[in-house]
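Shown next, in structure tokens, is the structure this report addresses.
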Amino acid sequence: MNVEFKEYTRKMDRTLEVLQENFDAVRAGRANAKVLDRISVEYYGVASPLASVATISSPDARTLVIQPWDTKLLKDIQKAIQTSDLGINPQNDGRVIRLVFPQLTEERRRDLTKQVRKYAEEAKVALRNIRRDAMDYIKALKKKSEITEDDQKKAEKDLQDITDKYIKKVDDACAVKEKELMAI
């Protein structure tokens with residue numbers, strides 16, 4: 001009998017998606033609207049994502065322009081950006097908010113690289129936790145005598161191969177992001 005790992009591979013895929021979302025939120029010296037994805041603004045008593053209350057555009061490689069649909073939100077948006085971990089001071093001209101992304105310093109690049117490595121390590125821990133859950137599932141099948149000992153050994157090896165493949169994907173994604181950060 002073959003042991004199915006669909007549920008676990010789906011969880012591992014989701015882990016990679018979350019890692020990519022985290023990487024997208026790390027700015028690499030260029031203006032990227034994804035860095036604003038985690039910022040929310042109080043709008044009629046509800047915390048709303050910035051993208052749902054404003055138009056975000058990028059007129060050039062180093063600038064983002066945020067134009068709220070309701071100009072009363074300008075101060076709230078400005079405050080939300082200032083209190084976030086973006087490290088950029090928004091410029092409010094009464095109609096739109098401009099975010100000018102400065103050239104990254106060598107020190108800031110190193111800090112961002114450390115952040116990227118931390119995200120990658122968190123993803124690896126999540127993958128190992130998923131593997132542990134799958135191993136428990138295999139052991140439970142063996143305990144209930146639904147699979148033989150040989151099937152158990154094969155399933156555990158297959159699971160380790162799957163986990164190794166996903167960890168390599170995390171390492172590859174981390175290397176690409178680090179290279180992007182260190183490029184001037």
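The values are calculated or read from the model by the stated rules, or taken from the named source; none is laboratory data. Quantities reported herein were computed from a predicted structural model and do not represent experimental measurements. Using ideal geometry, Cβ is built from the backbone for each residue, glycine included, and neighbour counts are taken over all protein chains shown. Surface areas here come from the heavy atoms of the whole protein model, side chains and all, with no ligands, DNA or RNA. Shrake-Rupley method; radii C 1.70, N 1.55, O 1.52, S 1.80 Å.
General remarks:
- All of 140, 155, 183, 173 fail the test of being farther than 21 Å from residue 18 by Cα and surrounded by 15 or more Cβ atoms within 10 Å (Cβ to Cβ), apart from 155.
- The strands (runs of 3 or more DSSP E) found entirely in segment 21-83 that carry 1 or more residues being over 21 Å from residue 94 (Cα atoms) are 46-49.
- Within this structure, residue 97 passes the test of being free of Cβ contacts under 8 Å to residues at least 60 places away in the same chain and open to solvent by less than 20 Å² (accessible area, probe 1.4 Å).
- Segment 136-184, residues that are of a type in the set (Asp, Glu) and farther than 30 Å from residue 112 by Cβ: 136, 146, 149, 150, 151, 156, 158, 161
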